[in-house]
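Down below is the structure, laid out as structure tokens.
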Amino acid sequence: MELATLIRDVPDFPIEGIMFKDITTLIRDEDAFREVIDWMTDQYADSRIDCIVAVEARGYIFGAPLAYKLGVGFVPIRKPGKLPAKTISESYELEYGTNALEIHEDGIEPGQRVLVIDDLLATGGSARAAVNLVERLGGEIIGVAFLVELDFLHGRDKLEDYDVLSLIHYA
């Protein structure tokens, strides 16, 4: 299946000049969604992962079913003020502004082998922030995986010390 054809372009979202890659048109297709989760499962089945960390909110779409299929725990990373217990925070830059992410300070145990999941790699800011949060808690990054990568924004450069995997690439 040509998965890229199922992703809708939305011009000028969230601000003028941005071409947003809308994955909702892919995940509503049960065969395409299954193909993505099965592909991710195959990539990491032998990686001895202890848990999956996913970035709010679209990362959860892939992270939770992948954690289930791999038989590992799932740890959410959220925007500030959304997690109920004590957190640590990491700021980052977007292609159109700044933001921050948080994780529960007891979300990762030192030495845990962690896979970070998000839907899309653009400039790499949120992915790098997620990696930093995991490492600050003592986790070992096994990989960082995405459905989509916007190669022209060079987000992979911020993750050069990690195993980065993306299913769909836009040059």
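Nothing in this text is a laboratory measurement; each read-out follows from the coordinates by a stated rule. Being a predicted model, the structure only gives us computed values, none of them experimental. Cβ placement follows ideal geometry from the backbone for every residue including glycine, while neighbour counts extend to all protein chains displayed.
Mean residue ellipticity, 222 nm, helices only, the chain: the sum of -39500 (n - 2.57) across DSSP H runs of n ≥ 4, divided by residue count and rounded to 500, is -8000 deg cm²/dmol.
Give me the compactness ratio for the range 47-170, meaning the Cα radius of gyration over 2.2 N^0.38 Å. Let's see the in-between values first.
On the way: Rg = 13.2 Å, N = 124, 2.2 N^0.38 = 13.7 Å.
Normalised Cα radius of gyration, the range 47-170: 0.96.
Taking one equal scatterer on every alpha-carbon of the range 1-103, how large is log10 of I(q)/I(0) by Debye at q = 0.10, 0.14 1/Å? Taken in order of the listed q values, log10 I(q)/I(0) reads -0.37, -0.72.
Just the number, please: percent antiparallel of the DSSP beta bridges in the chain, rounded to the nearest 5. Don't skip to the answer; put the middle values down first.
Numbers: 13 of 36 bridges.
The answer is about 35 percent antiparallel.
For the range 115-168 and the range 19-89, what is the separation of their C-alpha centers, rounded to whole Å? Spelled out, the Cα-based centre of one part sits 13 Å from the other. A DSSP coil position with no more than 14 other Cβ atoms inside 10 Å describes the following trypsin sites (Lys or Arg not before Pro) in the range 58-101: LYS82, LYS86.
Using +1 at the Cβ of each Lys and Arg and -1 at the Cβ of each Asp and Glu in the chain, identify which of PHE74, VAL36, VAL148 lies farthest towards the dipole's positive end. Value computed over the given set: PHE74. Only one residue of ILE49, GLY17, LEU159 has its Cα farthest out toward the positive end of the dipole of the chain, where Lys and Arg carry +1 and Asp and Glu -1 on Cβ, and that residue is ILE49. Take a quick pass over the chain and tell me how many lysine pairs come in under 27 angstrom between Cα atoms, counting only ones 8 or more apart or on separate chains. Taking the chain as the scope, the lysine pair count is 8. Here the relative contact order of the range 1-72, from alpha carbon pairs under 8 Å that lie six or more residues apart, stands at 21 percent. Mean separation of Cα pairs under 8 Å and 6 or more residues apart, divided by the residue count, gives the range 47-170 a relative contact order of 24 percent.
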